[in-house]
1. Could you grab me the full set of residues in the stretch 183-206 that are in a loop (DSSP other than H, G, I, E, B) and either without any contact (Cβ under 8 Å) to a residue 12 or more places away in the chain or surrounded by 13 or more Cβ atoms within 10 Å (Cβ to Cβ) (or both)?
2. How do the pairs read when you match residues in the stretch 57-76 that are of a type in the set (K, R) with residues anywhere that are in a loop (DSSP other than H, G, I, E, B) and at pLDDT 85 or above, using Cβ under 6 Å and keeping only pairs 6 or more apart or on different chains?
3. Considering each residue of the stretch 147-182, count those that are among the hydroxyl-bearing types (S, T, Y), surrounded by fewer than 20 Cβ atoms within 10 Å (Cβ to Cβ) and at pLDDT 95 or above, and give that number.
4. Would you pick out the residues in the stretch 166-184 that are closer than 25 Å to S116 by Cα and in contact with a strand residue (DSSP E or B) (Cβ under 9 Å, 6 or more places away or on another chain)?
5. Is at least one residue of the stretch 95-104 under 24 Å from C167 (Cβ atoms), under 20 Å from the mean Cα position of the chain (by Cα) and either assigned to a strand (DSSP E or B) or modelled with pLDDT of 95 or more (or both)?
6. Restricting attention to the stretch 108-167, which residues are closer than 13 Å to V199 by Cα, over 16 Å from the mean Cα position of the chain (by Cα), assigned to a loop (DSSP other than H, G, I, E, B) and small (G, A, S)?
7. Can you report the number of residues in the stretch 51-94 which are of a type in the set (S, T, Y) and modelled with pLDDT under 85?
8. Tell me, which residue of the stretch 207-242 that is under 12 Å from the mean Cα position of the chain (by Cα) and hydroxyl-bearing (S, T, Y) is surrounded by the most Cβ atoms within 10 Å (Cβ to Cβ)?
Amino acid sequence: MIRGKVFLIGLFSILAMFFLLFPYSVLAQPEGIGFSSNVTEEAPKSEASSITTPGGSFTTMVLNGSFQTPRWKAYVGNVTGKLTLDDASGSTIYDWNLVSVAGEVYVSRSPSISWSEIKCLSDATILAEQAALNISSDNSDNINKTFNETVHKSFFVGTKKIEPSSCRAIATYISSQAQSSSEDANFQEILLEDNNQNVVYATIIESSVSGFDDKAYDFQLIVPDNPDTNIDNTYYFFAEIS
């Protein structure tokens, strides 16, 4: 009987130590991520073209230009860091430097996401997000018309599996060119939301892949912004690394 009590006490001690050292091992989920460096730039302005015609003439013209949209902004870069075993106070018993990176980067206007309730973004929430950002349904580059396909690979958000080609998704460009629609495309971006209708823009991490400008990146994504030049929306970054 005494041996049985000793065994139970030992077992509970081991379990208590396990949950102290690994409090999130069962409920793994994305966590906030910081920046080690960042550079923000804007596209150069196009120079005006000119034409000289004689008085009394009539000129028919086709004007063609490339105009920077005020309704979107882009984030690209690389992911560095380490995998750790920490207790609840943040003390580390061991860690590993990341040799190769896999996982996802998540971006949202909300700093608090209910990750256990994550799901594909609904049409109703898309319209609500556009209204919140002052983006018209008539704009050719609104969220609904931009994310107009549902082609992407499957992935996990914590323990929640997102099935392949189940959510609104795009693949951002490589070498300034659109990619063919495919579940195997690089730099996929998928639209998600939690049960509070917080929109999450998710991109699957690559491992140093040639990106939009032929430089190597781990991630590329675009997020919408209020076109009112007096309002710049803040976005919060999360990551899940494996």
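1. Step one: list which residues in the stretch 183-206 are in a loop (DSSP other than H, G, I, E, B), which gives 183-187, 194-198, 205-206.
Selection gives E183, A185, N186, F187, D194, Q197, N198, I205, E206.
2. Going by the 6 Å Cβ cut-off, the qualifying pairs are R71/I135; R71/D141; R71/P227; K73/D225.
3. So the first thing to find is which residues in the stretch 147-182 are among the hydroxyl-bearing types (S, T, Y), and the list is 150, 154, 159, 165-166, 172-173, 175-176, 180-182.
Now drop any that are not surrounded by fewer than 20 Cβ atoms within 10 Å (Cβ to Cβ), which leaves 150, 154, 159, 165-166, 173, 175-176, 180-182.
Subset that is at pLDDT 95 or above: 150, 154, 165-166, 173, 175-176, 182.
The qualifying residues number 8.
4. Matches in the stretch 166-184: S166, C167, R168, A169, I170.
5. Of the residues in the stretch 95-104, the ones under 24 Å from C167 (Cβ atoms) are 101-104.
Going one step further and asking which of them are under 20 Å from the mean Cα position of the chain (by Cα), we end up with 101-104.
Filter again for either assigned to a strand (DSSP E or B) or modelled with pLDDT of 95 or more (or both), leaving 103-104.
Within the stretch 95-104 (the criterion being under 24 Å from C167 (Cβ atoms), under 20 Å from the mean Cα position of the chain (by Cα) and either assigned to a strand (DSSP E or B) or modelled with pLDDT of 95 or more (or both)), the answer is yes, since at least one residue qualifies.
6. S122
7. Here is the first cut: in the stretch 51-94, the ones of a type in the set (S, T, Y) are 52-53, 57, 59-60, 66, 69, 75, 80, 84, 89, 91-92, 94.
With modelled with pLDDT under 85 added as a condition, the list becomes 52-53, 57, 59-60, 66.
Final tally of qualifying residues: 6.
8. In this case the residue turns out to be Y235.
The values are calculated or read from the model by the stated rules, or taken from the named source; none is laboratory data. Keep in mind that what you see is a predicted model, and the values were worked out from it rather than measured. Note that each Cβ is placed from the backbone with ideal geometry, even for glycine, and that neighbours are counted across all protein chains shown.
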